[in-house]
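Handing you a structure now.
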Ligand code: ADP
Ligand code: MG
């Protein structure tokens with residue numbers, strides 16, 4: 001297939017004659033429809049195909065036969081077909097099992113689902129090469145996700161490659177075109193910019209690099225080329241981050257200096273003594289708000305480290321000079337709650353505290369010291385914000401970068417404070433929020449230990465109910481979180497669980513589809529101790545703050561993501577007593593991770609490893625979907641070096 005030079009179609013270019021910027025339709029077999037599909041995946045020119053790198057690389061181990069030491073590894077084994085069977089599984093699913101006998105006398109099986117016709121492709125005695133992950137099932141060895149090649153095949157070396165899919169384009173075709181490009185490309189026309197200082201060791205010719213990405217001889221060769229392209233991606237990322245930072249620094253914003261007497265008055269409004277970390281953060285924010293330039297700060301701190309108080313202290317320095325502060329929360333419930341607690345802090349202070357959400361519209365006063373809590377409804381075009389001096393975005397992970405920008409553009413260059421509890425791995429934070437200055441709260445308020453989580457199998461639900469009873473008996477309050485409202489009365493839905501628990505406990509429920517007034521009433525009943533148990537959907541996830549809550553039970557925990565589960569457990573143990581989370585359902589990897597550690601940063605990395613960065617951050621918004629070679633976790637060191645290089649260049653330019 002690979003050699004197309006002779007006997008190929010007349011329209012195919014000669015070796016070395018394919019210009020990098022030629023349109024895709026220059027390739028045999030690519031018509032306008034396919035070209036359009038490829039274009040929507042970002043592949044527009046011939047060279048883009050060369051840059052369409054395979055995603056997964058694993059070292060493949062050649063073996064004469066399966067053995068225990070190879071279990072879990074990607075292997076390539078040759079064997080002769082020993083037996084072929086076809087079985088029908090429930091639901092009319094076909095399973096073809098081919099047993100191979102190896103030269104060393106051992107055997108292994110390869111299984112194929114839903115392809116009953118495959119059986120006849122495996123005549124007894126015929127030899128094949130089988131690639132896949134080796135698993136042990138009892139005493140038998142099975143190769144999972146097998147890829148079977150003719151024994152004469154020239155296997156692809158010791159690295160296994162997988163290309164990402166392009167919607168509407170067959171994988172084999174795509175690979176065929178990539179092969180064609182690699183064979184025919186005019187490499188001399190490829191201009192690779194020089195590597196920045198300090199990273200020159202990654203330089204190679206374009207031909208060496210591209211072949212190493214697609215047809216590596218070994219892992220080391222591939223890794224070297226991958227790093228080269230990873231650096232290029234990191235450089236592009238940081239260039240845009242630096243551009244954003246410079247444009248922010250150039251913007252002139254109103255300055256809000258505070259004098260010592262005002263500082264005293266502000267701190268006196270917070271009903272507790274700040275931790276040292278909180279104090280440092282507040283000091284820094286005050287300093288930045290005093291100018292020059294527009295402030296851009298990312299405040300990171302695990303659930304319960306007390307970000308709200310820091311934000312309010314910062315906000316008050318703006319209010320002290322008759323400014324308007326918009327405090328953006330990701331859910332109505334959270335906005336309502338911030339509004340309620342902060343209103344109490346500021347009673348009689350002269351600061352006008354208001355709530356503005358979809359179900360709670362009100363006009364924003366046009367002058368004087370104002371602190372407005374709201375959801376994204378605040379961003380709608382009809383809301384005007386005269387004198388907007390500071391925008392606070394809580395739980396940033398729920399907002400896209402674009403939304404953040406929309407709000408910033410509303411005001412006259414407001415300062416920006418972004419807060420997040422989703423511990424973003426340092427690498428990602430660097431790249432995503434690199435335009436912001438990061439401040440981290442590590443310390444927790446006194447007496448607030450991290451919340452341990454325990455898995456409870458579905459069959460042991462009664463154990464969870466007994467724990468609820470025990471917590472209530474000791475004067476604690478209990479959250480029960482369900483994955484759905486369950487309006488049809490589904491098992492595990494809020495309504496059904498509520499009905500069951502209401503027989504035994506003083507119990508209320510909340511979900512996103514109820515009226516705001518009813519939701520507030522339910523939360524108030526719970527907060528004031530009329531109810532001991534509050535059942536709800538993940539509207540409870542962020543920020544609901546009830547100090548006496550000691551236990552949270554998550555129904556079907558395996559249906560939630562790591563970040564959500566970690567947030568949820570942060571709802572309890574906020575008072576003097578320790579909190580506990582019971583995660584009911586199947587023990588998924590995510591549930592296991594939450595039970596294993598309380599360290600938010602470790603969890604974030606686990607999350608990223610399980611899901612991939614794109615999903616964690618919303619691919620489109622984060623721009624991480626574009627990454628082909630860079631691995632935001634493994635490449636921390638490369639990211640740092642690329643950032644330093646970009647900064648050094650920036651300094652050189654200005
Ligand atoms: P998060 O960082 O998760 O947003 P919050 O701001 O909601 O945390 O604070 C968590 C809880 O800790 C709240 O009940 C808050 O009132 C309390 N808190 C915050 N800072 C302190 C402190 N320095 N001392 C005592 N309690 C505090
Ligand atoms: Mg919070």
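Counting only residues that are without any contact (Cβ under 8 Å) to a residue 40 or more places away in the chain and within 16 Å of ligand 2 (Cβ to nearest atom), which one in segment 257-292 is nearest to residue 416 (Cα to Cα)?
Looking at residues that are without any contact (Cβ under 8 Å) to a residue 40 or more places away in the chain and within 16 Å of ligand 2 (Cβ to nearest atom), I get 282.
Scanning for something away from ligand 2 (no atom under 16 Å from the Cβ) and modelled with pLDDT under 90, does segment 315-335 turn up at least one residue?
No, that holds for no residue.
Test of understanding: among 131, 201, 184, which residue is out of contact with any strand residue (DSSP E or B) (no Cβ under 9 Å at 6 or more places or on another chain) and either touching a residue at least 12 places away in the same chain (Cβ under 8 Å) or not assigned by TED's automatic domain parsing to the domain that holds residue 34 (or both)? Explain how you work it out, then say what you get.
Numbers: 131 fails: out of contact with any strand residue (DSSP E or B) (no Cβ under 9 Å at 6 or more places or on another chain); 184 fails: out of contact with any strand residue (DSSP E or B) (no Cβ under 9 Å at 6 or more places or on another chain).
Testing whether each residue is out of contact with any strand residue (DSSP E or B) (no Cβ under 9 Å at 6 or more places or on another chain) and either touching a residue at least 12 places away in the same chain (Cβ under 8 Å) or not assigned by TED's automatic domain parsing to the domain that holds residue 34 (or both) leaves just 201.
For (1) surrounded by fewer than 20 Cβ atoms within 10 Å (Cβ to Cβ); (2) over 20 Å from residue 590 (Cβ atoms), each residue gets a yes or a no:
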{"position": "506", "(1), (2)": "yes, yes"}
{"position": "510", "(1), (2)": "no, yes"}
{"position": "517", "(1), (2)": "yes, yes"}
{"position": "539", "(1), (2)": "no, yes"}
{"position": "550", "(1), (2)": "no, yes"}
{"position": "557", "(1), (2)": "no, no"}
{"position": "566", "(1), (2)": "no, no"}
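Table: residues versus (1) part of a strand (DSSP E or B); (2) farther than 28 Å from residue 234 by Cβ; (3) out of contact with any strand residue (DSSP E or B) (no Cβ under 9 Å at 6 or more places or on another chain).
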{"residue": "120", "(1), (2), (3)": "no, yes, no"}
{"residue": "141", "(1), (2), (3)": "yes, yes, no"}
{"residue": "146", "(1), (2), (3)": "yes, yes, no"}
{"residue": "178", "(1), (2), (3)": "no, no, yes"}
{"residue": "208", "(1), (2), (3)": "no, no, yes"}
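Check 571, 576 and return the single one that is within 24 Å of residue 272 (Cβ to Cβ) and touching a helix residue (DSSP H, G or I) at 6+ places or on another chain (Cβ under 9 Å).
Answer to the check: 571.
Next question. Looking at (1) within 16 Å of residue 76 (Cα to Cα); (2) touching a strand residue (DSSP E or B) at 6+ places or on another chain (Cβ under 6 Å); (3) surrounded by 15 or more Cβ atoms within 10 Å (Cβ to Cβ); (4) touching a residue at least 60 places away in the same chain (Cβ under 8 Å), can you tell me which one residue 151 breaks?
Only one criterion is unmet by residue 151, namely (3).
Can I ask one more? Among the numbered criteria (1) surrounded by fewer than 16 Cβ atoms within 10 Å (Cβ to Cβ); (2) closer than 26 Å to residue 635 by Cβ; (3) at pLDDT below 85, which one does residue 161 miss?
(1)
When segment 28-47 is examined, which residues are found to be outside any loop (DSSP other than H, G, I, E, B) and more than 16 Å from residue 182 (Cα to Cα)?
Hits for segment 28-47 are 32, 33, 34, 35, 36, 37, 38, 39, 40.
So, one more: Specify the residue that is farthest from residue 638 (Cα to Cα); the eligible residues are those in segment 210-220 that are in contact with a strand residue (DSSP E or B) (Cβ under 8 Å, 6 or more places away or on another chain) and in a helix (DSSP H, G or I). Write out each step before concluding.
Initially, segment 210-220 is screened for residues in contact with a strand residue (DSSP E or B) (Cβ under 8 Å, 6 or more places away or on another chain), giving 210, 214, 216, 218-219.
From what is left, the residues that are in a helix (DSSP H, G or I) are 210, 214, 219.
Details: 210: 20, 214: 21, 219: 18 Å.
Per the stated criteria, the residue is 214.
Okay, moving on. Could you pull out every one of the helices (runs of 4 or more DSSP H) wholly within segment 228-336 that has 2 or more residues that are away from ligand 1 (no atom under 15 Å from the Cβ) and closer than 26 Å to residue 563 by Cα?
Correct list: empty, since no element meets the threshold.
Tell me which residues, restricted to segment 40-54, are over 26 Å from the mean Cα position of the chain (by Cα) and more than 20 Å from residue 212 (Cα to Cα).
44, 45
So which residues in segment 470-499 are more than 31 Å from the chain's Cα centre (by Cα) and surrounded by 14 or more Cβ atoms within 10 Å (Cβ to Cβ), if there are any at all?
Of everything in segment 470-499, those that are more than 31 Å from the chain's Cα centre (by Cα) and surrounded by 14 or more Cβ atoms within 10 Å (Cβ to Cβ) turn out to be 471, 472, 476, 477, 496, 498, 499.
With respect to the numbered conditions (1) crowded, with 17+ Cβ neighbours inside 10 Å; (2) within 16 Å of ligand 1 (Cβ to nearest atom); (3) modelled with pLDDT under 90, which one is the sole condition not fulfilled by residue 417?
Residue 417 satisfies every listed condition except (3).
Tell me, which residue of segment 67-81 that is touching a strand residue (DSSP E or B) at 6+ places or on another chain (Cβ under 6 Å) and more than 20 Å from residue 153 (Cα to Cα) is modelled with the lowest pLDDT?
Only one residue tops the list, namely 73.
Testing residue 605 on (1) in a loop (DSSP other than H, G, I, E, B); (2) over 17 Å from residue 304 (Cβ atoms), one condition comes back false. Which one is that?
(1)
The values are calculated or read from the model by the stated rules, or taken from the named source; none is laboratory data. Keep in mind it's a predicted model, so treat the numbers as computed, not measured. Neighbour counts are summed over all protein chains in view; Cβ atoms, including those assigned to glycine, are modelled from backbone coordinates with ideal geometry.
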